[in-house]
1. Could we say that TYR207 is open to solvent by less than 60 Å² (accessible area, probe 1.4 Å), more than 27 Å from the chain's Cα centre (by Cα), under 20 Å from LEU92 (Cβ atoms) and not acidic (Asp, Glu) here?
2. In the stretch 326-365, how many are among the acidic types (Asp, Glu) and open to solvent by less than 90 Å² (accessible area, probe 1.4 Å)?
3. Taking the options MET174, MET231, MET251, name whichever one is within 14 Å of the ligand (Cβ to nearest atom), assigned to a helix (DSSP H, G or I) and open to solvent by less than 50 Å² (accessible area, probe 1.4 Å).
4. Among the listed residues PRO29, PRO33, identify the single one that is open to solvent by less than 30 Å² (accessible area, probe 1.4 Å), over 23 Å from GLN220 (Cα atoms) and at pLDDT below 90.
5. So THR136 passes all but one of these: (1) open to solvent by less than 50 Å² (accessible area, probe 1.4 Å); (2) away from the ligand (no atom under 16 Å from the Cβ); (3) in a helix (DSSP H, G or I). Which condition number does it fail?
6. Can you confirm whether the stretch 197-219 contains a residue that is assigned to a helix (DSSP H, G or I), in contact (Cβ under 8 Å) with a residue 24 or more places away in the chain and more than 16 Å from the ligand (Cβ to nearest atom)?
7. So which residues in the stretch 463-493 are open to solvent by 40 Å² or more (accessible area, probe 1.4 Å) and either within 28 Å of the chain's Cα centre (by Cα) or within 18 Å of CYS526 (Cβ to Cβ) (or both), if there are any at all?
8. How many residues are open to solvent by 30 Å² or more (accessible area, probe 1.4 Å) and more than 16 Å from the ligand (Cβ to nearest atom) when one looks only at the stretch 144-168?
Amino acid sequence: MKAIEIRNKYLEFFKNHNHKVIPSAPLIPENDPSVLFTTAGMQPLVPYLLGQKHPEGTRLTDYQKCLRTNDIEEVGDNRHLTCFEMLGNWSLGDYFKEESIAMSYEFLTKVLEIPSEKISVTCFAGDEDCPRDNLTAESWKKAGIPEERIYFYGKEDNWWIAGEEGPCGPDTEMFYDTGKEPCSPDCQPSCGCGKYVEIWNNVFMEYLKKDGKYTKLAQQNVDTGLGLERMTMILENKETPFDTEIFKPVMDELEKLAKKDDIASRRLVAEHLRASIMVIADGGRPSNIDRGYILRRLIRRMTRHLNKLEIDLDELPNLIELNIETLKELYPELLNKKEECKEVIVQEKDKFMRTLIRGEREFEKVVNKIKAEGKDTIDSENIFKLYETYGFPPEVSKDLAEENGLKVNMDEVDKLFKMHQDKSRLGSEQKFKGGLAGTGEQEIKYHTATHLLNAALKVVINKDVHQRGSNITSERMRFDFSCDHKLSDDEKKQVEDLVNKWIQEDLTVTVETMKKEDAIKSGAECMFIEKYPDDVTVYSIGEVSKELCGGPHVKHTGELGHFKIIKEEASSSGVRRIKAILE
Ligand code: SER
């Protein structure tokens, strides 16, 4: 059975059981900065699980694109995915355990026609927070699952909560028996050997976890999630999701194109390509923070593995085309995002290739040295330095080290990154005296931000706005400029938006040395012309800013994060002052 049929049958089944079909939420949550991506179907429904009335009633069903990155390192094996679709049905204080289980059983055995003897289930064993879930076990028996295929486990297996706090409860999970040999006489659904595949999870959400304590919610909810890719795999009788129609066309094309085949790399490319397309289609763009960084990481890992497969990177637009064509039945909304996806992915790939070429060369030197010394571990300092000097991502260093049979201690690398951040924070207490040489990472970012702000003010206010001074700490920036009026809220917003737009565009910062008069002639901005020597350095940011300046600056504006104006006030006559932060 094809994925689209499974989805349609699911929605139809629950519609027939008086559920309203609600639309799928975007992968990038609306109005919820607390999470990076939608990670479960229940996420957009949290307010209603907590008691708010849903306009469509108390029985809901939908399909939901989700993205989880906690297992990103595992992608390439035979089952892990970052991006997947979850089919879900909900009771908001309506039916509870018995009816939910009866419906799940009916759907699996009658609609999908999975033989009952192939199904095992698990229930919550009970602890000091919540009693053993006997009602769930009884409901399974009543539905048709015999006692020997009902298992009880603790919180680690049979309790569901999104993150650390929020609505939660005991769950019951359904497993499909692949018919593989048991891994041991004690082989069970929880053992993870691959004999049993988890297909559906019904959570009985009647608790709220807050400050480490569990209290009962006002209503008893049901939240279920069925993984579409896994179910397709089972019903198409395939060994892995990568062998199903969802991934097969891209997997085959990769095999055709690869000069050096490696199944794990092909799986990773197919998975990350699909995930990137889905994120971009929902408005995601690569950057150095949060969501943007995850997208960047997906595209970068994919690019690395395309290289490993020795596939020409110019094939990327064709692969994107093929992938969207493969997915168009499931996600028709992707069809008019083709060009957008190609543009974003190819651009990011180009950027990464530049970093990679430089970084890999340096990495090789490090490896040769280590091997010559007869060592088997790469110093974390080396990895940190490669990042600091060449922007070479630590996770790429890790992959490369492993390919070279060398070890790395990623915990130590993480520690170094932390320490470095702390150091730049410590330095922040000291205000700047004159030049910026030898400053921390954060100050450098603020320094680049002043150039962007200077340029944005010229666009929004007028081109006669000039810098009159600036002061930077690692916590904030202050920028004085000539202007005859107090900025209106609208002007402030326009300035903020423009700076953020340029940050999002991830413009390249370049530096060149020239004669002072040539620099002035070329239109470069300059605060105190007489202060500069005859030969000057000029920093340009994309096409938007050009200034005489001693640096240092970041390499790409995407590193800056989000720019926010905290205050706008008078500084002296005809001079205004803006205080702003990067967050
Ligand atoms: N929230 C549960 C899960 O993600 C069931 O939908 O598995």
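1. On the way: open to solvent by less than 60 Å² (accessible area, probe 1.4 Å): yes; more than 27 Å from the chain's Cα centre (by Cα): yes; under 20 Å from LEU92 (Cβ atoms): yes; not acidic (Asp, Glu): yes.
Yes, satisfied.
2. So the first thing to find is which residues in the stretch 326-365 are among the acidic types (Asp, Glu), and the list is 329, 333, 339-340, 343, 348, 350, 360, 362, 364.
Next cut, open to solvent by less than 90 Å² (accessible area, probe 1.4 Å) only: 333, 340, 348, 350, 360, 362.
Residues that pass the stated criteria total 6.
3. Numbers: MET174 fails: assigned to a helix (DSSP H, G or I); MET251 fails: within 14 Å of the ligand (Cβ to nearest atom).
None of the others qualify; the one that does is MET231.
4. On the way: PRO33 fails: open to solvent by less than 30 Å² (accessible area, probe 1.4 Å).
It is PRO29.
5. The number of the failed condition is (2).
6. Taking the stretch 197-219 as the starting set, the residues that turn out to be assigned to a helix (DSSP H, G or I) are none.
Among the residues of the stretch 197-219, not one is assigned to a helix (DSSP H, G or I), in contact (Cβ under 8 Å) with a residue 24 or more places away in the chain and more than 16 Å from the ligand (Cβ to nearest atom), which makes the answer no.
7. LYS463, ASP464, HIS466, ARG468, SER470, GLU475, ARG476, LYS493
8. Total satisfying the criteria: 7.
The values are calculated or read from the model by the stated rules, or taken from the named source; none is laboratory data. Just so it is clear, the model here is predicted, and its values are computed rather than measured. All Cβ positions, even for glycine, are placed from backbone atoms using ideal geometry, and neighbour counts span all protein chains on display. Calculation scope for accessible area: heavy atoms of the full protein, side chains included, ligands and nucleic acids excluded. Shrake-Rupley method; radii C 1.70, N 1.55, O 1.52, S 1.80 Å.
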